[in-house]
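For reference, the structure discussed in these notes is given below.
The values are calculated or read from the model by the stated rules, or taken from the named source; none is laboratory data. Here the structure is a predicted model, which is why all the values come from computation and not from measurement. Methodologically, a virtual Cβ is constructed for each residue, glycine included, from the backbone with ideal geometry; neighbour enumeration extends over all protein chains shown.
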Amino acid sequence: MVTVELPRYLNEALSSSQSLPLITVTPQGLYCAPGHFHIDPWRPVERALITHAHGDHARGGSHRYLGARAGEGLLHRRLGADSVIDTLEYGERLSINDVTVSFHPAGHVLGSAQIRLEHQGEVWVVSGDYKRAPDPTCAPFEVVRCNTFITEATFGLPIYRWDDTRLVAEDILKWWDANRATGRASVLFCYALGKAQRILAELARLTDRPAYVHGALHSLVAVYREAGVHMIPTQLVSEVEKGTSFAGALVLAPPSAGGSTWMRRFGEYETGFASGWMRVRGNRRRRGFDRGFVLSDHADWPDLLRTVADTQAERVLVTHGYTDPLAHYLRDSGVDAAPLATPFEGEAED
Amino acid sequence: MRRLADLYEALDQTTSTNAKVDALVRYFQQAPPEDAAWALYFLTGQKLKRLLTTKLLVGWTQELTGIPGWLFEEVYASVGDLAEVIALLLDALERPAETEELPLSVWLEQRLLPLRNLDAAEQRERVVSWWKAMPRRELFLLNKMLTGELRVGVSATLVIRAVAQVAGLPPPSVAHRLMGTWTPTPAFFQQLVSPDVSDGHSSRPYPFYLASPLEQPPESLGDLADWQVEWKWDGIRGQLIRRQGGVYLWSRGEELITERFPEISEAAAALPEGTVLDGEVLAYEDGRPLPFALLQRRIGRQKLTPKVLAEAPAAFIVYDLLELGGKDVRELPLRERRAKLEALLKDRPRFPISPSVQAASWEELAKARGEARERNVEGFMLKRRDSAYLTGRKRGDWWKWKIDPFTVDAVLLYAHPGHGRRSSLYTDYTFAVWNGTELQPVTKAYSGLTDEEIGRLDRWIRAHTKEKYGPVRSVEPEQVFELHFEGIQASPRHKSGVALRFPRIARWRTDKKPQDADSLDTLKELLDARG
Ligand SMILES: [Zn+2]
Ligand SMILES: [Zn+2]
């Protein structure tokens with residue numbers, strides 16, 4: 001166990017704050033006063049504990065970072081090579097000013113973690129983003145018992161339920177095959193970090209045909225490969241010789257590439273979008289995608305409820321997305337739950 | 001039902017026109033005629049009357065899923081489609097791996113339509129049992145049918161193209177056969193795709209070709225010499241058919257109005273066999289159209305007495321020739337159709353051809369457009385001289401260049417007696433609009449009402465007079481009129497601050513209450529908009 005010493009005056013100041021909850025929301029972000037650190041802060045702070053490398057959770061500018069070792073590569077990409085990033089293995093404990101912290105797999109993306117805090121016998125868990133569905137690109141979600149559970153609620157409505165990922169991957173392959181048969185490219189939009197690699201890994205169970213990737217995905221795919229994740233072969237779109245035909249090819253790109261001049265090179269193509277939001281027909285139609293594949297790296301409604309129950313938490317704070325409906329529903333089911341206002345974006349593209 | 005779900009999904013999943021037609025063709029090739037007829041029914045935008053109230057469906061869903069009312073509302077607000085919300089929520093139910101597949105026609109004829117005759121308990125039992133045994137896509141369609149809102153995102157043109165491809169017929173023939181009313185029976189569908197083109201329906205009209213409103217400057221249409229210009233008559237667009245000894249007059253709304261206009265149908269009996277004309281039914285006297293209101297009143301009459309016929313005599317002003325000697329000539333260029341039309345109607349004064357307006361330039365034409373009002377027309381029709389007679393509203397070849405009057409709904413405030421022959425009647429009126437909570441007089445108007453309306457209004461004025469100022473009477477502010485006018489100017493001489501140009505009464509809005517009248521601010525906004 002590693003122990004970090006705080007200056008004495010700070011320790012004394014903090015020991016008087018015992019009646020405060022272990023985590024509060026400050027202008028900088030989620031703050032653990034007894035430990036004097038922040039979790040996924042949205043402004044620069046002294047010490048930041050990071051759940052995972054997505055942009056709304058890992059922001060630059062803080063003095064020191066602490067994250068799960070499995071996500072080290074991604075955190076360095078996101079925060080810059082100069083950032084001071086310490087890591088812990090999943091489950092490894094560290095005391096920070098009287099608070100014991102540890103990281104536990106969240107099953108969301110490579111290296112994603114829930115953060116467990118223990119202080120004077122009380123345990124809090126900050127879920128970050130998480131999912132329960134199996135994912136070949138990251139360690140599976142681990143249930144961590146706690147007194148207070150801070151859960152995300154990106155898809156916190158009962159209409160959100162996910163089909164088996166393998167069926168979705170088969171659908172994607174069928175779509176690709178159908179477009180190949182008519183000589184069209186298949187441009188599949190997806191979140192550049194996590195979703196793209198998960199699709200490439202799921203497809204690797206079904207085919208070994210290579211796919212093209214947009215520059216925004218390319219280096220992230222490399223980080224996943226370094227971490228030992230098996231995916232279908234990929235090539236960077238911009239490395240393809242001028243004049244090469246993309247007929248029949250699969251191209252993965254971030255949604256922001258849609259409608260840009262970058263798309264012109266693909267000739268005739270169909271577009272698809274892989275996201276939990278595609279569960280609702282209107283979402284796909286509004287954005288003009290030909291196909292929607294329902295694939296999310298977040299927990300669906302049944303898994304949110306299941307996870308809350310699994311943690312056996314006495315108190316649940318809900319952040320990220322449909323916070324009010326989920327908190328309301330939990331309260332009606334006898335759980336002490338309340339929304340927790342944070343500026344996390346709720347993963348508009350995920 | 002599965003086949004329809006596949007089709008729905010295929011149409012929903014592509015923005016490509018060709019892919020949509022391909023999906024439709026696949027469907028119509030595979031579906032048995034009794035199913036295809038129903039699919040066509042929905043694809044052409046027809047709807048079943050709602051079979052069940054949404055309240056029942058929502059209630060059953062909540063019972064089955066345990067979703068409380070507030071959460072259902074929340075979900076509905078985020079999805080916005082009730083049939084979809086229910087289908088998504090019911091995903092929580094355990095379903096058998098293998099689901100029963102029934103043909104669409106069986107679903108409709110043996111399951112859905114009979115629901116109407118059942119009580120709520122039985123309706124619930126049936127619908128819930130179907131829900132529990134259906135995959136989500138089909139459940140979604142079922143819900144759409146139950147709530148009477150099944151709509152498929154595909155245009156009639158594409159449906160016609162697909163059916164035509166399956167049948168090996170030209171699309172206009174299919175469009176033709178889909179006109180009028182039909183019921184979704186296998187016999188109907190078989191007849192629709194039948195290669196036999198001599199199908200007996202002598203009364204069947206061709207689809208109308210509709211002009212699009214001209215939004216760009218007319219100069220952008222190129223050389224005026226390429227265009228045939230006609231007045232845009234304000235009547236009832238119609239198609240006059242003379243086939244196999246019969247005469248049929250269709251309105252654009254696909255209504256048979258032969259009986260309503262005996263003078264037209266009698267005259268049409270003298271047309272040669274196998275003639276179909278496109279034109280406009282107008283109230284028409286001495287070579288001049290009468291106001292549309294006269295025609296409208298005639299349509300409203302139950303009985304066509306000689307008096308009614310004399311008051312609003314009707315004529316069919318001919319625009320175009322669609323069939324000649326039993327041959328469909330719609331593909332010929334307009335200039336050729338027009339020449340044949342002129343030859344055909346040369347000695348038939350009962351069928352005046354809509355004259356073409358002569359002008360040397362677009363500019364001169366724009367000036368002539370000013371005469372439109374005096375002629376009781378709505379503007380110009382611009383038709384490309386080499387255009388075929390297409391179906392529907394296809395942009396590019398036919399434009400309507402309308403003069404839109406300004407309109408205002410105003411309240412009758414004062415009545416003045418008329419002059420000469422009408423000096424014993426109140427025929428001139430002062431109208432007001434709202435200025436805050438007060439009615440502010442804005443204009444006088446006198447033309448536009450029929451004699452019958454003037455008589456009726458005169459009696460009302462006498463019975464609802466508030467005060468008399470010499471010959472002028474103020475009346476209860478109760479009657480609302482739609483006024484049309486040509487322009488508006490700021491005017492310090494008028495208390496209202498505005499003056500209307502050429503105001504006239506367009507309609508007596510007996511359906512409106514004084515509080516529905518417009519405000520002075522609305523009028524002043526026009527002032528700003530027109531500089
Ligand atoms: Zn995330
Ligand atoms: Zn997030």
Practice task
For region A:331-339, indicate whether the set of residues that are surrounded by 22 or more Cβ atoms within 10 Å (Cβ to Cβ), away from ligand 2 (no atom under 16 Å from the Cβ) and within 12 Å of chain B (Cβ to nearest Cβ) is non-empty.
Solution key: no
Problem - Subset of region B:234-260 (residues that are out of contact with any helix residue (DSSP H, G or I) (no Cβ under 9 Å at 6 or more places or on another chain) and of a type in the set (Phe, Trp, Tyr)) - result: none
Problem - Test for residue B:237: is it closer than 27 Å to residue B:349 by Cβ and basic (Lys, Arg) - result: yes
Completion exercise
Pairs returned, first residue in region A:241-267 that is without any contact (Cβ under 8 Å) to a residue 12 or more places away in the chain and farther than 16 Å from residue A:190 by Cβ, second residue that is among the aliphatic types (A, V, I, L, M) and crowded, with 18+ Cβ neighbours inside 10 Å, beta-carbon separation under 6 angstrom, 6 or more apart or interchain, are none
Completion exercise
Listed by range, helices (runs of 4 or more DSSP H) wholly within region B:159-278 having at least 2 residues that are surrounded by 13 or more Cβ atoms within 10 Å (Cβ to Cβ) and in contact with a strand residue (DSSP E or B) (Cβ under 9 Å, 6 or more places away or on another chain) are B:171-177, B:262-268
Problem - Subset of region A:139-163 [in contact with a His (Cβ under 7 Å, 6 or more places away or on another chain) and assigned to a loop (DSSP other than H, G, I, E, B)] - result: A:142, A:144, A:154, A:155
Exercise for the section: Please go through region A:109-129 and pick out each residue that is within 16 Å of ligand 1 (Cβ to nearest atom) and either small (Gly, Ala, Ser) or under 12 Å from the mean Cα position of the chain (by Cα) (or both). Expected result: A:109, A:110, A:111, A:112, A:113, A:114, A:127, A:128, A:129
Handout entry: Boolean, residue A:87 is of a type in the set (Ser, Thr, Tyr) and more than 14 Å from ligand 1 (Cβ to nearest atom)
Key = yes
Exercise for the section: Taking residue A:36 as meeting all but one of (1) on the phi < 0 side of the Ramachandran plot; (2) more than 16 Å from ligand 1 (Cβ to nearest atom); (3) touching a residue at least 40 places away in the same chain (Cβ under 8 Å), write down the number of the exception. Expected result: (1)
Completion exercise
The residue from B:63, B:98 that alone is surrounded by fewer than 13 Cβ atoms within 10 Å (Cβ to Cβ), away from chain A (no Cβ under 13 Å) and not in a helix (DSSP H, G or I) is B:98
Practice task
Taking residue A:132 as the residue in question, decide whether it is of a type in the set (Lys, Arg), modelled with pLDDT of 95 or more, assigned to a loop (DSSP other than H, G, I, E, B) and away from ligand 1 (no atom under 16 Å from the Cβ).
Solution key: no
Handout entry: The lone exception for residue A:159 - which of (1) within 14 Å of another protein chain (Cβ to nearest Cβ); (2) in contact with an Asp or Glu (Cβ under 7 Å, 6 or more places away or on another chain) it fails
Key = (2)
Exercise for the section: Determine if region A:90-99 includes at least one residue that is charged (D, E, K, R), over 23 Å from residue A:45 (Cα atoms), without any contact (Cβ under 8 Å) to a residue 24 or more places away in the chain and away from every other protein chain (no Cβ under 14 Å). Expected result: yes
Completion exercise
Residues of region B:306-333 being closer than 20 Å to residue B:241 by Cβ and of a type in the set (A, V, I, L, M), in sequence order, are B:314, B:315, B:317, B:318, B:321, B:322, B:324, B:329, B:332
Practice task
Select from region A:28-49 the residues that are touching a Lys or Arg at 6+ places or on another chain (Cβ under 9 Å) and within 13 Å of ligand 2 (Cβ to nearest atom) and list them in ascending order.
Solution key: A:29, A:40, A:42
Exercise for the section: Please tell me if residue B:57 is under 30 Å from residue A:329 (Cα atoms) and either within 14 Å of chain A (Cβ to nearest Cβ) or buried (at least 20 other Cβ atoms within 10 Å of the Cβ) (or both). Expected result: yes
Problem - Number of the exception - residue A:151 against (1) within 15 Å of ligand 1 (Cβ to nearest atom); (2) of a type in the set (Ser, Thr, Tyr); (3) within 25 Å of residue A:73 (Cβ to Cβ) - result: (3)
Handout entry: Criterion (in a helix (DSSP H, G or I), more than 10 Å from chain A (Cβ to nearest Cβ) and in contact (Cβ under 8 Å) with a residue 40 or more places away in the chain) met by exactly one of B:52, B:113, B:48
Key = B:113
Completion exercise
Residues in region B:71-81 that are more than 7 Å from chain A (Cβ to nearest Cβ), surrounded by fewer than 19 Cβ atoms within 10 Å (Cβ to Cβ) and not small (Gly, Ala, Ser) total 2
Problem - Some residue of region A:98-117 being outside any strand (DSSP E or B), touching a strand residue (DSSP E or B) at 6+ places or on another chain (Cβ under 7 Å), more than 16 Å from ligand 2 (Cβ to nearest atom) and modelled with pLDDT under 95 - result: yes
Problem - Matching residues, region A:280-322, being touching a Leu at 6+ places or on another chain (Cβ under 8 Å), over 27 Å from residue B:152 (Cβ atoms) and within 11 Å of chain B (Cβ to nearest Cβ) - result: A:301, A:322
Practice task
Report the residue count in region A:233-279 for those that are under 21 Å from the mean Cα position of the chain (by Cα), assigned to a loop (DSSP other than H, G, I, E, B) and within 14 Å of chain B (Cβ to nearest Cβ).
Solution key: 0
Practice task
Scan region B:399-433 for residues that are among the hydrophobic types (A, V, I, L, M, F, W, C), more than 19 Å from residue B:510 (Cβ to Cβ) and either out of contact with any helix residue (DSSP H, G or I) (no Cβ under 9 Å at 6 or more places or on another chain) or surrounded by fewer than 20 Cβ atoms within 10 Å (Cβ to Cβ) (or both) and jot them down.
Solution key: B:403, B:406, B:425
